[in-house]
Amino acid sequence: MIQITLPDKTVKTFPKGITGQEIAGSISEGLARNVLSVNVNGEVWDLNRPINNDAEIKLNTWDDKDGRATMWHSSAHLMAAAIEELYPGTKFGIGPDVENGFYYDIDLGDRSISSNDFEKIEQKMLEIARRKEKFFRTELPKHEALDFYSKKGDEYKVDLINDLEDGTISFYRSGHFTDLCRGPHLVDTGPIKAVKLLNTAGAYWRGDESRKQLTRVYGISFPKQKMLKEYLEMLEEAKKRDHSKIGRELELFAFSNSVGQGLPLWLPKGAELRENLEIFLKKVQRKAGYLPVISPHIGNKNLYIMSGHYDKYGKDSFKPISTPSEGEEFFLKPMNCPHHCEIYKNKQYSYKDLPVRFAEFGTVYRYEQSGELHGLTRVRGFTQDDAHIFCRPDQVKEEFIAVIDIVLLIFKALDFSDYSVQISLRDPRSMEKYIGTDENWDKAEQAIIEATEEKGLKADIVKGEAAFYGPKLDFMVKDALGRKWQLGTIQVDYNLPDRFELEYIGSDNQKHRPVMIHRAPFGSMERFVAVMIEHCAGNFPLWLTPDQAIILPISEKYEKYAKKVLTLLNNYEIRTLIDERNEKTGKKIRDAETRKIPFMLIVGEKEEAQGTISVRKHGSGDLGTHTIEEFVQMVEQEIHRLIPEI
RNA sequence: GCCGAUGUAGCUCAGUUGGUCAGAGCAGCUGAUUUGUAAUCAGCUGGCCGGGGGUUCGAAUCCCUCCAUCGGCUCCA
């Protein structure tokens, strides 16, 4: 007999060799029906795999991430089975579950498949699923496994097996389809009740551009048809938040073929929005001791040779700009740091002067591959809210905390709570590729970890993700479709101070090398605005939005009064418009709602007589009649809720 | 850069197998209306159907090519 501990800490005794499925059955019939896989001591297992020792287990249903993963992984096999039946001779790469569904990389030879073929494949998948094909696990020694796939002509599987350690290799078979697989899987295909293939994409074998490109087919599956319907509806909703779409509707930004790919044009409303962000950050930074600097859009090639960026990224830049002078070449600025290093070098610093913090909204240009461009999140010309802090090694932690404070202040001001934090450290297995002394690295890594802990941030610590020049802390957010984007970043840099031979005079009257911290709370203004749009669906915080209020006169008889209200509100620095069109009030309200203007101020006979305005709030409706002063207070209160400091 | 999809008025979209198929709604313009919390009415102007080549008596529709956008891959100082 063995002791099985359930998540609620109750302990049950079962005969040795009991399976997850049987345990579920002993608890309830419903659980037996809905269970998809079982975690045994933290590892996901097949439900029919015997448990031979005492263990802590957790039964996974659709509501558990691991349960869904099992379902989707099995669905990937199911899709492969369907594709093999429909397109004999197809070779298979890898087919894992992902955050929202699964994919399989396949090689169709001379054929190709597109979304037109999806329905056929989906039907076949459901047909197989309904047969409740069992998943059988088998194991083979490595050489036999290699033999099996060599004979089958599946070079991708051979490639995968070659990379595996010697020993036994597990396979899963369901129906006619057998796949190299670690598992785990569903007991059978029965629970897969609804499937939807979503799209296809080219994917290089093993992510290597020099290797063959396979066809990746993405899909998702559900235990209930209704869930699929809800998921598709959710996708439709997400599309409505797409920043490109909202950017066009609210006239924030545009692209023009005549100007060039990936070069955004900020329209008046968008520019106003962006300026509001910049003004806000400038105020915050001034308070935090940053000094403004400004550097040009181009820099001499030698500057980037000095910084090392030319070697690493020169080929991915725009072509150099040459001048009539022999051999002289300039590059569009791909980043601001070399310029800021030169600014630092302009004067001698004492240890008492540090830290020095140079801030600049610096526009930079990078030649992103055309397939990479994406709305405002991925462009070729963008502005970083950049700053470089030059400090002593003993100040790193303190400075980190101060930067985190700024990032958190900004996120709060924008009502931004859905973000994750990642700390990137050295790869302990290949320490040689990092520049800087071990001592400094240890200190900096420790400083970052302590700083995040002190700020109460829950950070994922990822070893091996650090840049060669220093560890970093990144703030990531997801867009409407769940894609991850990096926004704010704080990076320690030992490289550039070395390359530029930056110095300060220490208390010992000797020259010392400062540490440099790169930081950009927004990352880039373009990307940040894009994410912001998707985050709030275009309903920006009141302090940020381009137009805060619009006055809607009932008829042209009240235009004079409307203008008087406008002047008053302008005096209070409330960004206000008047809708003077010859339209009915209902129409004006509708249009103002569509434009997502926070406040609509309706003025007619009554208001003119009383010297008041009728306030309507975007999304919530009529707030009744108020005096101008009351309204101003309302606006100020709303603004101070998010940014009390300013 | 690579794979796949898409590309029709400023915007959102119809256009069946190539033959009155160049359309609709919104926006815009003109006029009427003087309007009270999500669309007043009428008339009118918008397009070389992404660009270029080809097939055909005839192409928005079929083929080739280029460009752009979207979804991925890869990359991301």
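Just to confirm the number: angle between the C-alpha axis of helix A:225-240 and the first principal axis of chain A, 0 to 90 degrees, nearest 10?
30
Might you report the magnitude of the Cβ-based charge dipole of chain A about its Cα centre, with Lys and Arg at +1 and Asp and Glu at -1, to the nearest 20 debye?
Value, rounded to 20: 1080 debye.
Of all beta bridges DSSP finds with both residues in chain A, what is the antiparallel percent, to the nearest 5?
Values: 96 of 114 bridges.
DSSP beta bridges in chain A are roughly 85 percent antiparallel.
In 10 Å bins starting at 0, how do the alpha-carbon pair distances of the range A:549-642 split up by percent?
That works out to 17, 56, 25, 2, in percent per bin.
Rounded, prolate or oblate: which fits the range A:479-546 when a ≥ b ≥ c are the square roots of the eigenvalues of the alpha-carbon gyration tensor, with rounded for a/c under 1.5 and prolate only if a/b beats b/c?
Numbers: a/c = 5.11, a/b = 2.92, b/c = 1.75.
Prolate is the answer for the range A:479-546, as a/c is 1.5 or above and a/b outweighs b/c.
If the convex hull of the alpha-carbon atoms of the range A:363-488 is projected onto planes in all directions, what is the mean projected area in square nanometres?
For the range A:363-488, the mean projected area of the Cα convex hull comes to 9.3 nm².
Calculate the translational D of chain A in whole µm² s⁻¹ from Stokes-Einstein, where the hydrodynamic radius comes from the Kirkwood formula applied to all Cα pairs, the temperature is 37 °C and the viscosity 0.692 mPa s.
On the way: Rh = 29.3 Å.
Translational D for this selection: 112 µm²/s.
Can you list the aspartates and glutamates whose alpha carbon is less than 14 Å from that of A:LYS347, not counting same-chain residues fewer than 8 positions off?
The reachable aspartates and glutamates, counting only those whose Cα sits under 14 Å from A:LYS347, are A:GLU501, A:GLU503.
Note the per residue figure in Å³ for the convex hull of the C-alpha positions in the range A:207-358. Could the numbers behind the result be given before it?
Numbers: hull volume 42.7 nm³, N = 152.
Residue-normalised Cα hull volume stands at 281 Å³.
Please give the helix A:65-86 orientation as an angle from the longest Cα principal axis of chain A, in degrees from 0 to 90, rounded to the nearest 10.
So the inclination is approximately 70 degrees.
May I ask which residue of A:GLY464, A:HIS374, A:TYR434 lies farthest towards the positive end of the charge dipole of chain A, with charges of +1 (Lys, Arg) and -1 (Asp, Glu) on Cβ and the Cα centre as origin?
A:HIS374
About the Cα centre of the range A:2-61, how large is the charge dipole given +1 on each Lys and Arg Cβ and -1 on each Asp and Glu Cβ? Please answer in debye to the nearest 20. It would help to have the intermediate numbers written out before the result.
On the way: 6 positive and 7 negative charges, 12 e Å.
Using only the charged Cβ atoms, the result is roughly 60 debye.
Per residue, how much accessible area does chain A have with a 1.4 Å probe, in Å²? The partial results should precede the final answer.
Values: 31930 Å² over 646 residues.
On a per-residue basis, 49 Å².
Cα centroids of the range A:466-543 and the range A:314-363: how far apart, whole angstrom?
After rounding, the separation between the Cα centres reads 17 Å.
Given A:LYS132/A:LYS157; A:LYS9/A:LYS58; A:LYS196/A:LYS224; A:LYS412/A:LYS472; A:LYS312/A:LYS511; A:LYS132/A:LYS152, which pairs have Cα atoms separated by over 20 Å?
Values: A:LYS132/A:LYS157 26 Å; A:LYS9/A:LYS58 10 Å; A:LYS196/A:LYS224 12 Å; A:LYS412/A:LYS472 22 Å; A:LYS312/A:LYS511 29 Å; A:LYS132/A:LYS152 26 Å.
Over 20 Å Cα-Cα: A:LYS132/A:LYS157; A:LYS412/A:LYS472; A:LYS312/A:LYS511; A:LYS132/A:LYS152.
List the trypsin sites (Lys or Arg not before Pro) within the range A:71-127 that fall in a DSSP loop (any state other than H, G, I, E or B) and whose Cβ has at most 15 other Cβ atoms within 10 Å.
A:ARG111
What is the angle, in °, between the Cα long axis of helix A:585-594 and the longest principal axis of the Cα atoms in chain A? Nearest 10 is fine, range 0 to 90.
For helix A:585-594, the angle is close to 60 degrees.
Considering the options A:ALA562, A:THR594, A:ALA549, tell which one lies farthest towards the positive end of the dipole of the range A:549-642, charges being +1 on Lys and Arg and -1 on Asp and Glu at the Cβ, about the Cα centre.
Working it through, the farthest residue towards the positive pole turns out to be A:THR594.
The values are calculated or read from the model by the stated rules, or taken from the named source; none is laboratory data. If you're wondering where the values come from, they're calculated on a predicted model, not measured in any experiment. Methodologically, a virtual Cβ is constructed for each residue, glycine included, from the backbone with ideal geometry; neighbour enumeration extends over all protein chains shown. Surface accessibility is based on the protein's heavy atoms, side chains included, excluding ligands, DNA and RNA. Shrake-Rupley method; radii C 1.70, N 1.55, O 1.52, S 1.80 Å.
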